[in-house]
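Below: the structure, in structure tokens.
Quick note: the coordinates plus some simple rules give every number you see, no bench work behind them. Just so you know, these numbers come straight off a predicted model, no measurement behind them. FYI the Cβ positions are ideal-geometry reconstructions off the backbone, even for glycines, and counts take in every protein chain you see.
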Amino acid sequence: MRSRSVAAVVSALALALPASAMASGGNGQAQVGIQLAETAQTAQSQAEAEQHAANANAPVNTAGGSVTGGANNANQTAGNGATSGPASNTAATTQTNTQMQNGGSSSCVVGCGGNGQAQLSGQAACTTQAAESSAEAEQNAVNANVPVNIAGGSITGGANNANQTAGNGATSGPATNSAATTQNNTQTQV
């Protein structure tokens, strides 16, 4: 008896409802979101200093008699420096992907397949950095004091000095990289 009552109710509903309200596949939806971010950076700093310094004092005295001379001095101060400034990179990559689907309503009441929904989201971020800083200083300093005295008699001379001060330096600034990559992906289906 009970099965006849259920069959009667289903038959009454089937006759009362339009055909579109039964066996409907529902609303179909699809979303695709793709993001690609690529950052490539190169920073170079280079300094080079080269110096060739020569200093000479070569007094020559030739006499048949006596030779009397004063002081013979060779003084040299050579400074050389190479400085390379900072090489730096800064990169920020931000990706945001927000997807929302609302399946909507369906007038289907009986035998409905439901609303079909699909979401696809892809993100890729590539950050490549290279920072280089170099400094080179080269110095060749030559200093000479070569007094030559040739005499048939006595030789009286002053001081013979060769003084040299050579400074050389190479400084390379900092090479730095800074990279921040942020990716956000929000998907909502209703």
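For the reader, a short list of remarks on this structure follows.
- The simple Förster model, with R0 at 25 Å and r as the Cβ-Cβ distance, assigns SER66 and GLN164 a FRET efficiency of 0.20.
- Computed over region 65-177, the P(r) tail beyond 17 angstrom holds 79 percent of alpha carbon pairs.
- C-alpha center-to-center spacing [region 28-67, region 130-148] in angstrom: 13
- Residues of region 67-106 with amide N under 18 Å of a point placed 7 Å along Cα→Cβ from ALA130: 87-91
- Protection proxy ranking of 133-139, 88-94, 56-62 - average other beta-carbon atoms within 10 Å, highest first: 133-139, 88-94, 56-62
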